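Got a structure for you, questions after.
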Amino acid sequence: MTRKLICLSCVFLFLLALVSCATGGLSATSDPSSVVYSGVREEKPIYTFNVLDAKYQNPDGVYTVPWRENAVEIAKQTNTIRYYFMSSEKQTIAEKTGPKFGDSCLIVFPDGTTMLVDGGMSGYTATLMKNLELLGIEKLDYVLLSHMHDDHYGALWSTSGVMRNIPVDTFIWSGAYNTTEGIDARLKSILAANGIRDVIVQKGDSMQIGDVLIEFYGPVTEEVKGKFLQETTLNNNSIVMKITFGDFKALFSGDLYSDGEYRVLANNEEGVFDVDLVKANHHGRDTSNSKEWGAATTPRVVVGTSGNPMDTTPYGWYSKIGARVFCDDLDGYVRVVSDGYNCEVTTGRTRTTNTFVNFDKLADQVQATL
């Protein structure tokens, strides 16, 4: 009897090892706070907001993403779209207007396709590269640059950065340059040396990735393609991208200022930007994220990245329409997962301040009435 039990145990362990190899050594989730809804549909979508369990949070001195998971395999196994918003957690990256790292978000689609939206400043390169490694990213199908400012392309183009050291199939951009001398030649050299094709997108373009539709609402390429634009004009010609998976929609609009937001809204039909997730424009600053933008987008989740605190005014506007707001200086890394209907947000660490607690309560109260 004992011998039979031992044999059965060996068979079980062997089968378990086979399953582990087939799935990259992964279970469906890599931390206990991650919920997979498997298409469960209530009367309205379920939104959950979690803080990563303390034992998984980064210890002092660790800068990298706290999740250790093969994002591609998990997305395919669970049929989810996954957004990993980066953070300058515990780092000070110098910039001419003060410390910040910029924007960067890894998107993994349900079919396993990958897209990196922006890369942060060059000083963020080592952290970004390590983050991609920890998330199991060995190649990128797409790298999208919202606009050509160094806090968005720095870690993409640096010598040890993404586009020089990870296989990238396609680079998506607006066609507009900043005014740095030789910037056009630099980009062309990187693309040619690494065999990366580039695609310029504009308002009216779209692309399909499996069951996910991506639509572009800006810029108007005829106005900016091949031009060298000053800071404000370049920000206001950021790529505006809506991503739709089932009933779940997300909106990325780079560094649009308020006047850029007004222009985009005026040139599109009402309701087209009614989404669930918004990447806060211009790092959550009050130069952007106008009351009108919030009213038009009506998100349930807003994420701002930069390393700087999000300004109180946009945080308040979003909260008043019922959005829960997350930002890297308060929450560390932010992961947003959806099965096309429900949504789960998990933050990398516990907040240590109550600065916005009343706004968060207001957001919950508003949502309870919808």
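Residue by residue, here is whether (1) surrounded by fewer than 21 Cβ atoms within 10 Å (Cβ to Cβ); (2) at pLDDT 95 or above; (3) of a type in the set (F, W, Y); (4) on the phi < 0 side of the Ramachandran plot holds:
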site	(1), (2), (3), (4)
D276	no, yes, no, yes
K279	no, yes, no, yes
G284	no, no, no, no
T298	yes, yes, no, no
V301	no, yes, no, yes
M310	no, no, no, yes
Y315	no, yes, yes, yes
A323	no, yes, no, yes
D329	yes, no, no, yes
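Looking at segment 71-86, can you tell me whether even one residue there is over 21 Å from I243 (Cα atoms), under 17 Å from the mean Cα position of the chain (by Cα) and not hydrophobic (A, V, I, L, M, F, W, C)?
Checked segment 71-86: no residue is over 21 Å from I243 (Cα atoms), under 17 Å from the mean Cα position of the chain (by Cα) and not hydrophobic (A, V, I, L, M, F, W, C).
Looking at segment 43-94 only, could you name the residues that are farther than 26 Å from H283 by Cα, of a type in the set (D, E) and touching a residue at least 60 places away in the same chain (Cβ under 8 Å)?
Scanning segment 43-94 gives E69, E73.
Separate question: Considering every residue within segment 200-207, establish whether at least one is assigned to a helix (DSSP H, G or I) and not basic (K, R).
no
I need the full set of residues from segment 107-126 which are buried (at least 24 other Cβ atoms within 10 Å of the Cβ) and either hydrophobic (A, V, I, L, M, F, W, C) or assigned to a loop (DSSP other than H, G, I, E, B) (or both), in order please.
Answer for segment 107-126, where residues must be buried (at least 24 other Cβ atoms within 10 Å of the Cβ) and either hydrophobic (A, V, I, L, M, F, W, C) or assigned to a loop (DSSP other than H, G, I, E, B) (or both): I107, V108, L116, V117, D118, G119, G120, M121.
Out of curiosity, is T305 surrounded by fewer than 24 Cβ atoms within 10 Å (Cβ to Cβ) and at pLDDT below 95?
no
Pull up segment 208-228, narrow it to residues that are of a type in the set (G, A, S) and part of a loop (DSSP other than H, G, I, E, B), then point me to the one that is nearest to the chain's Cα centre (by Cα). Please lay out each step first, then the result.
If we filter segment 208-228 for residues that are of a type in the set (G, A, S), which is where we start, we get 210, 218, 226.
Add one more test, that the residue is part of a loop (DSSP other than H, G, I, E, B), and what stays is 210, 226.
Working: G210: 19, G226: 27 Å.
It comes out as G210.
Table: residues versus (1) assigned to a loop (DSSP other than H, G, I, E, B); (2) more than 30 Å from G322 (Cβ to Cβ); (3) modelled with pLDDT of 80 or more; (4) not polar (S, T, N, Q).
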| site | (1), (2), (3), (4) |
| --- | --- |
| F12 | no, yes, no, yes |
| V35 | yes, no, no, yes |
| F49 | no, no, yes, yes |
| W67 | yes, no, yes, yes |
| Q77 | no, yes, yes, no |
| Y84 | no, no, yes, yes |
| S87 | yes, no, yes, no |
| K90 | yes, yes, yes, yes |
| K100 | yes, no, yes, yes |
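Could you say whether any residue in segment 147-159 is of a type in the set (A, V, I, L, M) and farther than 23 Å from P309 by Cβ? Quick ask: steps written out before the conclusion?
Filtering segment 147-159 for residues of a type in the set (A, V, I, L, M) gives 148, 155-156.
Adding the requirement that they be farther than 23 Å from P309 by Cβ leaves 148, 156.
Yes, the conditions are met somewhere in segment 147-159.
Looking at I183, is it among the β-branched types (V, I, T) and closer than 22 Å to M241 by Cα?
On the way: among the β-branched types (V, I, T): yes; closer than 22 Å to M241 by Cα: no.
No.
Can you name every residue in segment 136-157 that is buried (at least 23 other Cβ atoms within 10 Å of the Cβ) and part of a loop (DSSP other than H, G, I, E, B)?
Passing the criteria: L145, S146, H147, M148.
In segment 188-214, which residues are under 22 Å from V108 (Cα atoms) and either of a type in the set (V, I, T) or surrounded by 19 or more Cβ atoms within 10 Å (Cβ to Cβ) (or both)?
I196, V199, I200, V201, I209, V212, I214
Evaluate the following for S238: is it in contact with a His (Cβ under 7 Å, 6 or more places away or on another chain), over 14 Å from F109 (Cβ atoms) and surrounded by 20 or more Cβ atoms within 10 Å (Cβ to Cβ)? Give the steps one after another, and end with the answer.
Details: in contact with a His (Cβ under 7 Å, 6 or more places away or on another chain): yes; over 14 Å from F109 (Cβ atoms): yes; surrounded by 20 or more Cβ atoms within 10 Å (Cβ to Cβ): yes.
Taking the combined requirement at face value, the residue satisfies it.
Failed condition for E133, given (1) without any contact (Cβ under 8 Å) to a residue 12 or more places away in the chain; (2) of a type in the set (D, E); (3) in a loop (DSSP other than H, G, I, E, B), with all others met?
Failing condition for E133: (3).
The values are calculated or read from the model by the stated rules, or taken from the named source; none is laboratory data. Note that this is a predicted model, so its numbers are computed, not measured. Every residue, glycine among them, receives a Cβ derived from its backbone with ideal geometry; neighbour counts consider all protein chains shown.
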